[in-house]
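Take a look at the structure below.
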Amino acid sequence: MYTQTAALRQEIVSIRQELQTTSSLQSANAQNTKRNDDLEQSSTEWSMALETTVKRLQSEVCSLSEKCLDLEGRSRRQNIRLIGIAGGEEGRDLRQFCATVLKEVSDLEDTPRLDRSHRTLAPKPKEGERPRPFIIRVHHGDMKTAFSARRRRCSTRRSVFTSSPTLPQKWLSSGRLLRRESGSFKT
């Protein structure tokens, strides 16, 4: 009987140890559950904050896109198209060449200030084809107004060159300049 009691006591001690281990596991599990709940709550808060940030950024992107389109359109308003000058006549400084041509054609005292000038992105024309036009951006909008007024003063809808006696002869043969559809230039 003594051995049976000792065996029962031994089993009770081992059950107590298992219960202590189980209770420590339960407390660790409770801590993990609490930690998971806290993480879920904070992730929900972050998610809501991110949603508001994304909505704000989307409206900002939309606003900036509209502003870019508006600025691009306004920038194009200061563009002038120079038509009819064959390739190779412009030399190395394209902007200075275009400024000189515009000065001569428009009878200006000073050379107009140009921000940039380049040929259109059309393929290079073959021999005998129409040359690619220049796209010129004038720095000041009033210069474009002066070019428009000059175009309107011309009585013919032919080349502006024909009414400018100071223009070099090689440019006279190069065709139309500052043409608008069938007129002088296109903006």
Worksheet item: So what are the ³J(HN,Hα) numbers for the range 98-107, from phi and the Karplus equation (6.51, -1.76, 1.60; θ = phi - 60°), rounded to whole Hz, Gly and Pro as x?
Response: 5, 5, 5, 4, 5, 5, 5, 5, 8, 6
Worksheet item: Efficiency by 1/(1 + (r/R0)^6): what FRET value for residue 152 and residue 71, r their Cβ-Cβ distance, R0 = 25 Å, to the nearest 0.05?
Response: 0.35
Item to complete: Set the Förster radius R0 to 35 Å, insert the Cβ-Cβ distance between residue 10 and residue 33 as r into 1/(1 + (r/R0)^6), and round the FRET efficiency to 0.05.
Response: 0.55
Discussion item. Can you work out the Karplus-derived ³J(HN,Hα) for every residue in the range 123-135? Use 6.51 cos²θ - 1.76 cosθ + 1.60 with θ = phi - 60°, whole Hz, and x for glycine or proline.
Written reply: x, 4, x, 7, 4, x, 8, 5, x, 5, x, 8, 10
Worksheet item: For the range 1-76, rounded, prolate or oblate, judged on the Cα gyration tensor with a ≥ b ≥ c (square roots of eigenvalues), a/c < 1.5 rounded, else prolate if a/b > b/c?
Response: prolate
Practice prompt. Along Cα→Cβ, 7 Å out, is where each label goes; now give me the distance between the ones at residue 26 and residue 116 in nm to one decimal.
Written response: 7.5 nm
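Kindly provide the trypsin sites (Lys or Arg not before Pro) of the range 35-106 that DSSP labels as loop, not H, G, I, E or B, and whose Cβ sees at most 13 other Cβ atoms within 10 Å. If you can, show how the numbers build up before the last one.
Values: sites: 35, 55, 56, 67, 74, 76, 77, 81, 92, 95, 103; in loops: 77, 92.
Those satisfying the criteria are 77, 92.
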Fill in: Per DSSP, loop GluC sites (Glu not before Pro) in the range 76-143 with at most 15 further Cβ within 10 Å
89, 109, 127, 129
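Readers should treat all values here as calculations from the given coordinates under stated rules, not as data from a laboratory. Owing to the predicted nature of the structure, the values given are computational and were not obtained by experimental measurement. With ideal geometry, Cβ positions are generated from the backbone for all residues, glycine too; neighbour counts draw on all protein chains shown.
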